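Written below as structure tokens is the structure these notes are about.
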Amino acid sequence: MKRKQLAWVYLSIFVSMICWSMSFIWYKGAYAHYGPITTIFLRLFVSSVILLLFTFLIIRPVIKRSHLKLFFAAAMFEPFLYFVGESYGMKWVSPVTASVIVATIPLFTPLAGKILYQETLSKKNLAGMFISFLGVCLVVWAGDFQMKAQLLGVVLMFVAVFSAVGYAIALRRLTPLYDSITIIAIQNFMGMLLFLPLLLIFENPWVWPLSLSFNNLLPVLYLAIFASSLAFILYAFAVSKIGIGRSSVFINLIPILTSVFAYFFLNEPYTLSKILGVLIVVSGLLFTQWELLFKRR
């Protein structure tokens, strides 16, 4: 690959990490006006419209009916269970804590691969998982882990983590069959339908006309356009060029970028314990990627 092309690949994946890092900030803005389910439903609705139009006008895939069960399984894990855990968890934890917990997803995914697909799990992988978990604990206990409600938030964030692992298992079977954008478009649409009953039961949609002003909707639009659409498209482009292994290591940037954004946009204190915790998490994640990054070049 030419140097200029490689530069575009890395720019794309870096922008996607910025979008996903900012999503924790946008959640806080959206929750000032909407409940978690309303936020997710609106986010998925806008994202589904964008991605489905792109998919069926540009890509024009042929979806086999026999594959709909796989799409449904993927949608059940993510966005449905993942967003339930993440969105409700965000009510009780800080953006930095949430982003660090989410950043442990690459640590648990190899375990699922070993159990289900007999993939190799080296001592470096295990050591990296342990190191990163210590970092998560340090960030969680960095001054904002004082109430049981916050413990609930941490538990819900780990529900999101393990849902992402389940999604990765389903995704492994879908990726040889369809392109990433098609998968994301359909899973977001199915996810939106899964959230509709929860929306009607737990959050009153009749109040929407009173709160659908542009300023109130702006954080939701950011989530839909940047976090659920643009970020996935750019990440899929990077994966197609440099592979899943080299792309996934960039997820390590999410807790770092989120902590910086939270400092500037939310005035969240940046304590020494939080800095050390973030560094330890990133170190553990990099340790799990060591063989992939250096032995296969």
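Would you be able to say whether some residue in segment 195-202 is among the aromatic types (Phe, Trp, Tyr), over 16 Å from the mean Cα position of the chain (by Cα) and surrounded by fewer than 16 Cβ atoms within 10 Å (Cβ to Cβ)?
Yes, that holds for at least one residue.
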- Task: Count, please, the residues in segment 27-37 that happen to be of a type outside the set (D, E, K, R), surrounded by fewer than 24 Cβ atoms within 10 Å (Cβ to Cβ) and in a helix (DSSP H, G or I).
- Result: 3
- Does segment 1-26 hold any residues that are farther than 25 Å from VAL220 by Cβ, part of a helix (DSSP H, G or I) and modelled with pLDDT under 90, and which are they? ARG3, LYS4, GLN5, LEU6, ALA7, TRP8, VAL9, TYR10
- Take SER132 and decide whether it is at pLDDT below 75, among the polar types (S, T, N, Q) and over 16 Å from the mean Cα position of the chain (by Cα). yes
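Sort out which residues of segment 11-47 are farther than 15 Å from ALA231 by Cβ and among the hydroxyl-bearing types (Ser, Thr, Tyr), and write them in order of number.
TYR31, TYR34, THR38, THR39
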- Quick one: which of PHE71, PHE80 is in contact with a Gly (Cβ under 7 Å, 6 or more places away or on another chain) and assigned to a helix (DSSP H, G or I)? PHE80
- Task: Spot the failing condition for PHE287; the list is (1) over 17 Å from MET22 (Cα atoms); (2) modelled with pLDDT of 80 or more, and only one is missed.
- Result: (2)
- Kindly establish whether SER163 is surrounded by 17 or more Cβ atoms within 10 Å (Cβ to Cβ), over 22 Å from LEU52 (Cα atoms) and of a type in the set (S, T, N, Q). yes
- Query: Looking at LEU177, LEU193, LEU156, LEU200, which is the one that is at pLDDT 85 or above, of a type in the set (A, V, I, L, M, F, W, C) and not in a helix (DSSP H, G or I)?
  - Reply: LEU177
- Message: Any residue in segment 180-191 that is surrounded by 24 or more Cβ atoms within 10 Å (Cβ to Cβ) sitting within a Cβ distance under 6 Å of a residue that is among the polar types (S, T, N, Q)? List the pairs, counting only those 6 or more apart or interchain.
- Response: ALA185/THR55; ASN188/SER47; ASN188/SER48
- Item | Matching residues in segment 4-31 - criterion: being more than 17 Å from the chain's Cα centre (by Cα) and over 15 Å from GLU203 (Cβ atoms) | LYS4, GLN5, LEU6, ALA7, TRP8, VAL9, TYR10, LEU11, GLY29
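The values are calculated or read from the model by the stated rules, or taken from the named source; none is laboratory data. All figures in this text were calculated on a predicted structure; none of them were measured in a lab. Here the Cβ is made from the backbone with ideal geometry for all residues, glycine too, and neighbour counts use every protein chain on show.
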